[in-house]
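Structure incoming, see below.
The values are calculated or read from the model by the stated rules, or taken from the named source; none is laboratory data. Predicted model only: the values in this text are computed from it and were never measured. Positions of Cβ are generated from backbone atoms using ideal geometry, with glycine treated the same way; all protein chains shown enter the neighbour counts.
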Amino acid sequence: MGRRLTRSFGSTPALRSLLVIVALAVGISLAALPRLERYFLLQAAAREEATLRLATESLRGALNRTDVLPRLLAERPILARILRDPDNQGLVPYANEQLRQTALTLNVADIWVMDGDGLTIAASNYRRDTSFVGRRFDYRPYFTDAMTEGRGRFHALGTTSGERGYYFAAPILDGTEIVGVVAVKILMDEFEATWRDSPNTIVVTDPSNVIFLSDRTDWHFNSLGPIPEPALDTIAATRQYPLDRLQLLQTERRALTQGHDLLTVTGGDGREEFVTSTGLIAAVGWRVSVLTPTGPALLQARQTMALIVLVFLFAGLVAVLFLQRRARLVERLDQQRQHREQLERRVAERTADLNSANAQLVQEIEERKTTEQRLRQTQTELVQAGKLAALGQMSAALSHEFNQPLAAVKAYAENAATFLDRGRPEDARKNVGLISQMADRMASISKHLRNFARRPQEKIGPIPLLAVLGDALDLMAPKLKAAKATVHYDPPAQEIMVMGGRVRLQQVLVNLLSNALDAMEMMDRPEIEIAILGDGTRWRVEMRDQGPGLTEDTLTHIFDPFFTTKSPGKGLGLGLSISYNIVRDFGGTLAARNHPEGGAVFIVDLAQAPDQQAVAAQ
Ligand code: ADP
């Protein structure tokens, strides 16, 4: 959630800057487009300067070249002569032909001679239908100017020929008297023919704003501006142009720079726009304008604009992407910093937790130590108490064990004394024998205790298992008999040699037999089963009784010293503990378990003696 939130925040400035860039690009393009258009229009106009110069110079050249011709021609004597004698049928045809030849030679349209009234006397076109001969041109300014100022110039649509031409005229002198005027006309059509090849439009306007020359023939005699009233009168008087063809062209002009305008023409072809380059032919008062269509230049300007906008947008986009990446990086770094801080905080928290746990542990350890110390003390005290209790128990048992035979010894001794007094030595001997037996019993108890106190140094070696078992049974015979016990024992035929000590093994077996009898003391006919089992390396003596068996608690502690369930006078709890250690000294084991059909089973497991021959030696 937090991440998405920061992301959207991160992208908003980027979006905003993108919009700003687009707006900026649009604004700049709108602001810059007119300038660009102007630039490209001026470029286009500049390229057309050469066209303008060429058009102007060719016109100027043609006019200048022709300008001198009338004056030169006027010097021909024949012209003055025919003017003096216009009816001379010999001279006039000659003059006509001469003029025709000259016109052909000079490549001019017409040459003609007028008298002082403007009446044509001779003309180069005398042969044609449109011959000037006999026509009067006194209304033309070139005539009047030539007559009055010595030089005449004029441009007009020919009233006879219907062709646009430029007229040059000079007076013909006879002596000092002006007798007539010679005029030369050149046609302007050929100029237009050359202009038509170029994509531009060339327009030549006279001082009255009338288009006199142009490669656009439909514009001929149209005016680029209103014709002043006096000028119109002059045109009418001089019959310069047919008044009915004079039309005002719908134009709109805007200055671009010095010499270049933006001209919009609205006419039959619709709306056309041009950039103009204008030059002046001062001698004749003509303005020569090259009109270049603005379309290509404007297109170029727009294309350039589009390119600039694209470049701008691209740069903007790159900048935005860069900024966005930067923003993301900053955001990521910020996140990382936050994570780090969080981690550090957590580590600090955990450390604090650990420290407190540690302190708690230390405290607990201290407490444990104290408890342990207390426990050990208690244990020591307990052991001490246990020892004392054991000692007391043992003392009670010992005193019981010894007191009984001692009392018997005392009684037998007294009886023996009495028998001796009465002269019954046999009975006395019997009693002495019983005393001896009691002494043996006490010696046996003492031996037990000695065994318990320190390990006997008897060596371990091969001993005859069956013989030892037989001895034990013999030893126990009186007790067994007293208890009316039956022993089920089927000894193997062959003696079995096992590793051990003869006396100690016998002691173990006697102890087991004795315990079995104790367990069955309440029974009328106790039974003991003894089995000898072997697997070739080890031999087992299994002794089962019919007693109550072993409780769980007994099974757990049965081999512990001083563990007994018998009353203080009867048991010391040392028998099995001593037996266990003895068998272990032999490299064997002593184990106890309950028989599935009742009664306890004690198993003495012993290693077979390596050398069976040793039996023979014993
Ligand atoms: P004591 O015979 O002096 O009690 P032992 O070490 O010989 O000492 O025996 C320990 C205890 O094991 C006995 O008190 C008795 O509870 C139990 N016990 C030994 N042999 C048998 C047996 N055959 N059947 C049942 N309990 C037995």
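How many residues are under 60 Å from the mean Cα position of the chain (by Cα), in a helix (DSSP H, G or I) and either more than 30 Å from His260 (Cβ to Cβ) or not small (Gly, Ala, Ser) (or both) when one looks only at region 44-92?
The qualifying residues number 1.
Could you please give the count of residues in region 205-230 that are farther than 30 Å from Glu49 by Cβ and of a type outside the set (D, E, K, R)?
The number of residues fulfilling the criteria is 2.
Does Ile603 qualify as being within 16 Å of the ligand (Cβ to nearest atom), buried (at least 17 other Cβ atoms within 10 Å of the Cβ), at pLDDT below 90 and not in a loop (DSSP other than H, G, I, E, B)?
no
Going through Val133, Val204, Val179 one at a time, which residue ends up being farther than 23 Å from Ala103 by Cα and not small (Gly, Ala, Ser)?
Val204
Check Asp524 against each of (1) within 12 Å of the ligand (Cβ to nearest atom); (2) surrounded by fewer than 18 Cβ atoms within 10 Å (Cβ to Cβ); (3) part of a loop (DSSP other than H, G, I, E, B) and name the one condition it does not meet.
Checking Asp524 against (1) within 12 Å of the ligand (Cβ to nearest atom); (2) surrounded by fewer than 18 Cβ atoms within 10 Å (Cβ to Cβ); (3) part of a loop (DSSP other than H, G, I, E, B), the one that fails is (1).
What number goes with the only condition from (1) in contact with a Phe, Trp or Tyr (Cβ under 8 Å, 6 or more places away or on another chain); (2) at pLDDT 95 or above; (3) more than 16 Å from the ligand (Cβ to nearest atom) that Glu529 does not pass?
(3)
Does Leu298 count as more than 20 Å from Leu18 (Cβ to Cβ) and at pLDDT below 90?
Here the answer is yes, as Leu298 does meet what is asked.
Return a yes/no flag: does region 277-297 have any residue that is surrounded by fewer than 17 Cβ atoms within 10 Å (Cβ to Cβ), over 41 Å from the mean Cα position of the chain (by Cα) and part of a helix (DSSP H, G or I).
yes
If a residue must be under 22 Å from Gly571 (Cα atoms) and not aliphatic (A, V, I, L, M), how many such residues does region 401-426 contain?
Counting residues in region 401-426 that are under 22 Å from Gly571 (Cα atoms) and not aliphatic (A, V, I, L, M) gives 5.
Which of the residues spanning region 26-74 are touching a helix residue (DSSP H, G or I) at 6+ places or on another chain (Cβ under 8 Å), more than 30 Å from Asp145 (Cα to Cα) and buried (at least 19 other Cβ atoms within 10 Å of the Cβ)?
Selection gives Leu36, Glu37, Phe40, Leu41, Ala44.
Output the residues belonging to region 570-600 that are away from the ligand (no atom under 13 Å from the Cβ) and assigned to a loop (DSSP other than H, G, I, E, B).
Answer for region 570-600, where residues must be away from the ligand (no atom under 13 Å from the Cβ) and assigned to a loop (DSSP other than H, G, I, E, B): Phe586, Gly587, Gly588, Pro596, Glu597.
Determine, yes or no, whether Thr234 is at pLDDT 85 or above, β-branched (Val, Ile, Thr), part of a strand (DSSP E or B) and surrounded by fewer than 18 Cβ atoms within 10 Å (Cβ to Cβ).
no
Note down all Cβ pairs under 9 Å where the first residue falls in region 542-563 and is in contact (Cβ under 8 Å) with a residue 40 or more places away in the chain, the second is hydroxyl-bearing (Ser, Thr, Tyr), and they're at least six residues apart or on different chains.
From residues that are in contact (Cβ under 8 Å) with a residue 40 or more places away in the chain, the pairs are Pro561/Ser577; Phe562/Ser577.
Which of the following residues is surrounded by fewer than 22 Cβ atoms within 10 Å (Cβ to Cβ), within 20 Å of Arg239 (Cα to Cα) and not polar (S, T, N, Q): Arg164, Arg84?
Being surrounded by fewer than 22 Cβ atoms within 10 Å (Cβ to Cβ), within 20 Å of Arg239 (Cα to Cα) and not polar (S, T, N, Q) holds for just one of Arg164, Arg84, which is Arg164.
Hey, among Asp560, Asp553, which residue is surrounded by fewer than 15 Cβ atoms within 10 Å (Cβ to Cβ), part of a helix (DSSP H, G or I) and within 11 Å of the ligand (Cβ to nearest atom)?
Result of the check over Asp560, Asp553: Asp553.
Against the definition (over 21 Å from Pro548 (Cα atoms), away from the ligand (no atom under 13 Å from the Cβ) and of a type in the set (Gly, Ala, Ser)), how does Ala477 come out, yes or no?
Against the criterion (over 21 Å from Pro548 (Cα atoms), away from the ligand (no atom under 13 Å from the Cβ) and of a type in the set (Gly, Ala, Ser)), Ala477 qualifies.
If you don't mind, there's one more thing I want to ask. Which ones in region 257-276 are in a strand (DSSP E or B), on the phi < 0 side of the Ramachandran plot and either surrounded by fewer than 17 Cβ atoms within 10 Å (Cβ to Cβ) or acidic (Asp, Glu) (or both)?
If the condition is that a residue be in a strand (DSSP E or B), on the phi < 0 side of the Ramachandran plot and either surrounded by fewer than 17 Cβ atoms within 10 Å (Cβ to Cβ) or acidic (Asp, Glu) (or both), then Thr257, Asp261, Thr264, Thr266, Gly267, Arg271, Glu272, Glu273 are the ones that fit.
Okay, moving on. Name the residues in region 492-516 that are within 12 Å of the ligand (Cβ to nearest atom) and without any contact (Cβ under 8 Å) to a residue 40 or more places away in the chain, would you?
Val510
The rows are residues; the columns are (1) surrounded by fewer than 16 Cβ atoms within 10 Å (Cβ to Cβ); (2) in a strand (DSSP E or B); (3) not β-branched (Val, Ile, Thr).
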residue: Val108; (1), (2), (3): no, no, no
residue: Val113; (1), (2), (3): no, yes, no
residue: Ala122; (1), (2), (3): no, yes, yes
residue: Tyr126; (1), (2), (3): no, no, yes
residue: Asp129; (1), (2), (3): yes, no, yes
residue: Phe132; (1), (2), (3): no, no, yes
residue: Thr144; (1), (2), (3): no, no, no
residue: Arg153; (1), (2), (3): no, yes, yes
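For region 532-550, enumerate the residues that are more than 10 Å from the ligand (Cβ to nearest atom), acidic (Asp, Glu) and modelled with pLDDT of 95 or more.
Of everything in region 532-550, just one residue is more than 10 Å from the ligand (Cβ to nearest atom), acidic (Asp, Glu) and modelled with pLDDT of 95 or more, namely Glu542.
For region 535-554, does any single residue satisfy the condition of being touching a helix residue (DSSP H, G or I) at 6+ places or on another chain (Cβ under 6 Å), small (Gly, Ala, Ser) and under 23 Å from Ile496 (Cα atoms)?
No, region 535-554 contains no residue that is touching a helix residue (DSSP H, G or I) at 6+ places or on another chain (Cβ under 6 Å), small (Gly, Ala, Ser) and under 23 Å from Ile496 (Cα atoms).
What number goes with the only condition from (1) assigned to a strand (DSSP E or B); (2) surrounded by 19 or more Cβ atoms within 10 Å (Cβ to Cβ); (3) of a type outside the set (Phe, Trp, Tyr) that Val510 does not pass?
(1)
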